[in-house]
Amino acid sequence: MKVSALLGAALATLVAFTAPAVAGPEVNTALGGVLVDGKPAPGLAVHGFDVIAYHTEGRPAQGLAKFAVKHGEATYRFSSKENLQAFKANPAKYVPAYGGYCAYGVSVNAKFDGDPRVWKIINGKLYLNLDPDIQKAFNKDVSGAIKKADANWQVIAGKLPSEI
C-alpha cells in the first residue's frame, strides 16, 4: 500500500475517535466544569495549555484555572497573570491556527485534534498537529500545507469533524 493511502486511512480512522471529543464546529476543546468570572465556561482551548508561552518561552506550558478567559467558543488558560493580560490585549495574535485543529489535517480537508505538545510557530502564528508523525508530513512542505489548509478552512471551519 502506498504511503499516501496509509496516511489517508490513518487520518480517516482518527476522525471516528476525535469527533466525539469536539465541543463545537470552530474550536478544538476538551470539555470540563470550568468557571470564568463565576459562570460556566465552554471547553478548554488547546487542552488548557497557555498559548502565550509558545511565543514567549518557546515551549508548551499548562495553564491554570485562576488565569482563564473565555474567547469565542472556548476557554483559554494561562500560566501567569501577565500572559492572561497579553492575550486579552491581542487575542488574534495568539489564538492557534484553525481553531487548534491539526494543521496538516486541515490541509487534507479534515479536522483532527491538535496535540498541544506537537506545535510550530510560523510567521508568528501557532500551528498544532495531531502527533509527531503527522507533523513530519506537515514539515515536508509547510508553506504548501498552510496554503491548502487556509483554503480548506474557509469551507470546513463551521462544520463538525463528522460532517466532513
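FYI, it's all coordinate maths here, none of it is from the lab. From a predicted model like this one, the values you see are computed outputs, not experimental measurements. Here the Cβ is made from the backbone with ideal geometry for all residues, glycine too, and neighbour counts use every protein chain on show.
Some notes on this structure:
- Peptide ranges 118-130, 141-153 listed from the most packed, as the mean C-beta count within 10 angstrom indicates: 118-130, 141-153
- Entries of Lys70/Lys125; Lys88/Lys136; Lys66/Lys140 with Cα pairs more than 31 Å apart: Lys88/Lys136; Lys66/Lys140
- Per residue, the convex hull around the alpha carbon atoms of the range 90-164 comes to 83 Å³.
- For the range 145-162, putting each phi into the Karplus relation 6.51 cos²θ - 1.76 cosθ + 1.60 with θ = phi - 60° gives couplings of 5, 5, 4, 5, 5, 4, 5, 5, 4, 4, 9, 9, 3, x, 9, 6, x, 6 Hz, in residue order, rounded to whole numbers and with x for Gly and Pro.
- Its convex hull of Cα atoms gives the range 46-89 a direction-averaged projected area, equal to a quarter of the hull surface, of 2.7 nm².
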